[in-house]
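Reading through the structure tokens given below for one structure.
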């Protein structure tokens, strides 16, 4: 099984990967951009090899683990291709309150990459575009894509984690409720948070920065489902 975790930076994806990788059959690849590399190679080879062949070769799995998690978030752009080309692919789309997401990414001060996060307006536009892209893919590949709301995950962890594990087709283990016990190496900005038990501390922080977030709010609230985000 190939699991792709997609979304935007600071969407809760590291927590999700920590939960999933508690399964002993899972090899967490982290943030590796090998699917896009595989797709480019596939096109350049004039399709002499299948895309799945090229991708799986890049995984270089030498142990007994049979499930991989790929957390290159921008794979959301390829969600349709992944669903079509990678047998037994599972795509988990992580998302959260857009203003909390934008604020968290803005405050992360990423050293490299994710340049759009340094602008609240750019971040809002990227969030909106990503939301539209995934909405389209979910209609066409609804059996391959799971929508995971981070806000619900940290508020009702038992219900949400059980729902995710059931969707993956795995047997339940109470250990999934304790991702902070996962000893895996985490190199993202979320490395501190994932070492703590699941909590709701990161919810609603945007309300303390309403004035600063006005430009982002104006973009986000143009979307019908976010019109209830009030100042």
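Among the residues of the stretch 139-185, write down those that are under 22 Å from residue 80 (Cβ atoms), touching a residue at least 12 places away in the same chain (Cβ under 8 Å) and in a loop (DSSP other than H, G, I, E, B). Within the stretch 139-185, 141, 144 meet the criteria. If the condition is being assigned to a helix (DSSP H, G or I) and over 16 Å from the mean Cα position of the chain (by Cα), then the stretch 99-116 contributes 99, 103, 106, 107, 108, 115, 116.
Confirm whether residue 81 is over 28 Å from residue 120 (Cβ atoms), under 16 Å from the mean Cα position of the chain (by Cα) and in a helix (DSSP H, G or I). No; evaluated as a whole, the condition is false for this residue.
Among the residues of the stretch 141-162, which ones are more than 21 Å from residue 101 (Cβ to Cβ) and either at pLDDT below 95 or surrounded by 14 or more Cβ atoms within 10 Å (Cβ to Cβ) (or both)?
Of everything in the stretch 141-162, those that are more than 21 Å from residue 101 (Cβ to Cβ) and either at pLDDT below 95 or surrounded by 14 or more Cβ atoms within 10 Å (Cβ to Cβ) (or both) turn out to be 141, 142, 143, 144, 162.
Flag: residue 101 matches the condition of being out of contact with any strand residue (DSSP E or B) (no Cβ under 7 Å at 6 or more places or on another chain) and crowded, with 20+ Cβ neighbours inside 10 Å.
Results for (1) within 17 Å of residue 76 (Cα to Cα); (2) in contact with a helix residue (DSSP H, G or I) (Cβ under 6 Å, 6 or more places away or on another chain); (3) crowded, with 24+ Cβ neighbours inside 10 Å, shown as yes or no for each residue.
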| site | (1), (2), (3) |
| --- | --- |
| 16 | yes, no, yes |
| 20 | no, no, yes |
| 23 | no, no, no |
| 34 | yes, yes, no |
| 39 | yes, no, no |
| 42 | no, yes, no |
| 45 | no, no, no |
| 49 | no, no, no |
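Kindly evaluate residue 36 against the criterion of being touching a residue at least 40 places away in the same chain (Cβ under 8 Å), under 24 Å from residue 147 (Cβ atoms) and under 15 Å from the mean Cα position of the chain (by Cα). It is false that residue 36 is touching a residue at least 40 places away in the same chain (Cβ under 8 Å), under 24 Å from residue 147 (Cβ atoms) and under 15 Å from the mean Cα position of the chain (by Cα). Return a yes/no flag: does the stretch 84-97 have any residue that is in a loop (DSSP other than H, G, I, E, B) and touching a strand residue (DSSP E or B) at 6+ places or on another chain (Cβ under 6 Å). There is at least one residue in the stretch 84-97 that is in a loop (DSSP other than H, G, I, E, B) and touching a strand residue (DSSP E or B) at 6+ places or on another chain (Cβ under 6 Å). Residues that are in a helix (DSSP H, G or I) and modelled with pLDDT under 90 were ranked within the stretch 186-210; the one that is surrounded by the most Cβ atoms within 10 Å (Cβ to Cβ) is 194.
The values are calculated or read from the model by the stated rules, or taken from the named source; none is laboratory data. These numbers were taken from a predicted model, which means no experiment stands behind them. As a convention, Cβ positions derive from the backbone with ideal geometry for all residues, glycine included, and neighbour counts pool all protein chains shown.
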